[in-house]
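Q: Take a look at the following structure, please.
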Amino acid sequence: MNKKDIILLGIESSCDETSAAVSKNTRILSNIIAGQKIHEAYGGVVPELASRAHQANIIPVVTQALKEAGIKKNEIDAVAVTRGPGLIGSLMVGVSFAKSLSAALSVPLIEVNHMQAHVLANFAIHSDDAKTPEFPFLCLTVSGGHTQIVLVSAPDNMQILGQTLDDAAGEAFDKIAKVLNLPYPGGPLIDKYSGQGNAHRFQFPESNIPGLDFSFSGLKTAVLYFLKKQLAQDADFIQENLYDICASVQKTIIQTLLKKLRKAAEQTGIRHIAIAGGVSANSGLRNELKKLAELSGWNVYIPPLSLCTDNAGMICIAAYFKYLQNDFSTLDLAPQARLILQ
Ligand code: KG4
Ligand code: ZN
């Protein structure tokens, strides 16, 4: 191993995924994710159950991450952890664990903003031909809790140009999936069924918010009322038309996102465009973005699927930039449910 190589252990526990990863510089050596099936039955994440599952998962997940990376505890240069935003009880598990481990190993502790980490996932070297963004670039960060267009001038300099005024894009996918009787989280299922549906079959309204902000609550309400009306005439309407409904909803969400992204690119003159967050795993969004990039002459950066949804690999990448700046935290670090992008 090169002496200058920086080995980091990253921990992510902000929502319902317990994840640990090991990185060498910006290369991810392992990225273990334990999902929590328990929330499916409730149609959403139950915070107390999430905290308990993190508590049960964290040691096996970290052990597995080190094993898969072939790294021993005494080779770790720093322990990185998500400080927020997220569910406070869930964050508490990861932060407490990371603090203890950094103290026990006498290595620095690095706190990471989860939303910054989603953006910086684009810098992971995941394959020999991995392409990383040039600064400044725009990032459309779309997750279960956030929808943001971010101007990224440096790893520690991000400015939100536009964001959702109500529901996040992922939340829109999940809430609409719920009215379609699909299990939580519904986003990936809507994506899957859309592949077999006709996206032009049903027309749903796109929000008309000025500037670069978004709104998705109107779409959710429109779908709800549309279904109520159809179900009054045909009780099997959803089953009979599921794929077309999914495709039409997905198309509307993607169009809304890309319209604002195009506007942001026009306003800033920036042609380096990245996407991040759980919804960036959506196959329709990835395909439409590639087409738009070709038309607009953009350089696009799309993380591999494993780095889109919540994972600790992205925590390692964000922490790597902080490590280079000696930007370390102290043991009085406390998690923060609401943490703004700086
Ligand atoms: O980034 P993430 O894993 O967690 C948060 O930080 O919120 O994002 C989770 C969100 C969920 O709303 C989930 O339904 C959505 O990402 N999602 C998708 C897809 N995969 C995950 N939405 C649409 N299509 C997908 N393929
Ligand atoms: Zn996330």
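Q: What's the total number of residues in region 275-306 that are more than 14 Å from ligand 1 (Cβ to nearest atom) and within 28 Å of Cys316 (Cα to Cα)?
A: 5
Q: Could you grab me the full set of residues in region 58-85 that are polar (S, T, N, Q) and in contact with a helix residue (DSSP H, G or I) (Cβ under 9 Å, 6 or more places away or on another chain)?
A: Selection gives Asn74, Thr82.
Q: Taking Ile315 as meeting all but one of (1) over 16 Å from Thr147 (Cβ atoms); (2) away from ligand 2 (no atom under 16 Å from the Cβ), write down the number of the exception.
A: Here Ile315 clears every test but (2).
Q: Report yes if some residue within region 243-252 is of a type in the set (S, T, N, Q) and either open to solvent by 20 Å² or more (accessible area, probe 1.4 Å) or within 16 Å of ligand 2 (Cβ to nearest atom) (or both); otherwise report no.
A: Checking region 243-252: not a single residue is of a type in the set (S, T, N, Q) and either open to solvent by 20 Å² or more (accessible area, probe 1.4 Å) or within 16 Å of ligand 2 (Cβ to nearest atom) (or both).
Q: Can you give me the number of residues within region 188-215 that are open to solvent by 30 Å² or more (accessible area, probe 1.4 Å), in contact (Cβ under 8 Å) with a residue 24 or more places away in the chain, over 16 Å from Lys251 (Cβ atoms) and in a loop (DSSP other than H, G, I, E, B)?
A: 3
Q: Related question: Applying the selection to region 275-301, what residues are closer than 16 Å to Thr252 by Cα and either in contact with a His (Cβ under 6 Å, 6 or more places away or on another chain) or assigned to a helix (DSSP H, G or I) (or both)?
A: Val279, Ser280, Ser283, Gly284, Leu285, Arg286, Asn287, Glu288, Leu289, Leu292
Q: I'm told Gly44 meets every condition in (1) in contact (Cβ under 8 Å) with a residue 60 or more places away in the chain; (2) assigned to a strand (DSSP E or B); (3) over 23 Å from Ala334 (Cα atoms) except one. Can you identify the failing condition by its number?
A: (2)
Q: Tally the residues that are within 21 Å of Leu140 (Cα to Cα) and free of Cβ contacts under 8 Å to residues at least 40 places away in the same chain, restricting the search to region 216-251.
A: Adding up the residues that qualify gives 1.
Q: Would you confirm whether or not region 258-274 contains a residue that is open to solvent by 50 Å² or more (accessible area, probe 1.4 Å), within 16 Å of ligand 1 (Cβ to nearest atom), in contact with a helix residue (DSSP H, G or I) (Cβ under 8 Å, 6 or more places away or on another chain) and not hydrophobic (A, V, I, L, M, F, W, C)?
A: No - not one qualifying residue is present in region 258-274.
Q: Filter region 88-147 for residues that are away from ligand 2 (no atom under 16 Å from the Cβ), open to solvent by 30 Å² or more (accessible area, probe 1.4 Å), part of a loop (DSSP other than H, G, I, E, B) and not hydroxyl-bearing (Ser, Thr, Tyr) and give the result.
A: Those that are away from ligand 2 (no atom under 16 Å from the Cβ), open to solvent by 30 Å² or more (accessible area, probe 1.4 Å), part of a loop (DSSP other than H, G, I, E, B) and not hydroxyl-bearing (Ser, Thr, Tyr): Pro108, His126, Asp128, Asp129, Lys131, Glu134, Phe135, Pro136.
The values are calculated or read from the model by the stated rules, or taken from the named source; none is laboratory data. As the structure is a prediction and not an experimental result, all values here were calculated from the model. When we count neighbours, we look across all protein chains shown, and the Cβ atoms used for this are built from the backbone with ideal geometry, even at glycine. Just the protein is used for accessible areas: all its heavy atoms, side chains included, with ligands, DNA and RNA removed. Shrake-Rupley method; radii C 1.70, N 1.55, O 1.52, S 1.80 Å.
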